[in-house]
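A short write-up of the structure that comes next.
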């Protein structure tokens, strides 16, 4: 009982690739040149008739051309498959870039919103400072009005801080 191992299709493809690479090499060119010179030399030396030599040479060259065409088509098919994979990767990369662009745009809007909130806080702080200045100058406002004004400003300041915190939380979530 003998066990013979059959070559794997992958091994056969690697062998074909080596043949394709060799056919396109200077060594292949040299070997073909030597073979053609040998064919003509055999006929010139009278060892084989010209008609027989041309018949054999024509058949050999035709068979070689058929195999070369098959090898070329196999190479084209592999390159086409490889390009298809690259094309899919490029499509995925473009989608990722678009998504990043959207995220950057959204971050810009959030930064703009934060800037507006900071401006609102500055205004509130200025208002509070003015109120403190008014208190220091001894305005004749009654205590109840003063407390309501302070409470309203404190509430506005608290709302602005809450808005900033909410914006920061949404940025953190991304």
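Rule-based calculations on the coordinates, nothing more; no lab input. A quick note: this is a predicted structure, and the numbers were derived from the prediction, not measured. Note: ideal-geometry Cβ built from the backbone for every residue, glycine included; neighbour counts use all protein chains shown.
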Between helix 143-173 and the chain, what is the angle of the helix's C-alpha long axis to the longest principal axis, kept within 0 to 90° and rounded to the nearest 10? 10 degrees
Label-point separation (nm) for residue 73 and residue 10, each offset 7 Å from Cα along Cα-to-Cβ? 2.6 nm
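Would you kindly state how much longer the chain becomes between residue 97 and residue 132 on full extension, computed as 0.36 nm times their sequence separation minus their alpha carbon distance, in nm to one decimal?
On the way: separation 35, 0.36 × 35 = 12.60 nm, distance 5.19 nm.
Using 0.36 nm per residue and subtracting the Cα-Cα distance, I get 7.4 nm.
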Extending each Cα 7 Å along its Cβ direction at residue 159 and residue 55, get the distance between those two points in nm, one decimal. 10.6 nm
Taking Cα atoms only, helix 26-44 is inclined relative to the longest principal axis of the chain by an angle, in degrees rounded to 10, of 20 degrees
Helix axis angle, 9-23 relative to the chain longest principal axis, alpha carbon, degrees: 70 degrees
Using alpha-carbon positions, what is the distance between the centroids of the stretch 115-131 and the stretch 39-53, in Å? 105 Å
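Rounded to the nearest 500 deg cm²/dmol, what is the calculated helix-only ellipticity per residue at 222 nm for the chain, with -39500 (n - 2.57) per DSSP H run of length n ≥ 4?
On the way: 4 runs with 153 residues, N = 174.
Estimated from H runs of four or more residues: -32500 deg cm²/dmol.
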Calculate the spin-label point distance for residue 107 paired with residue 86, positioning each point 7 Å from the Cα along the beta-carbon direction, and give it in nanometres. 3.1 nm
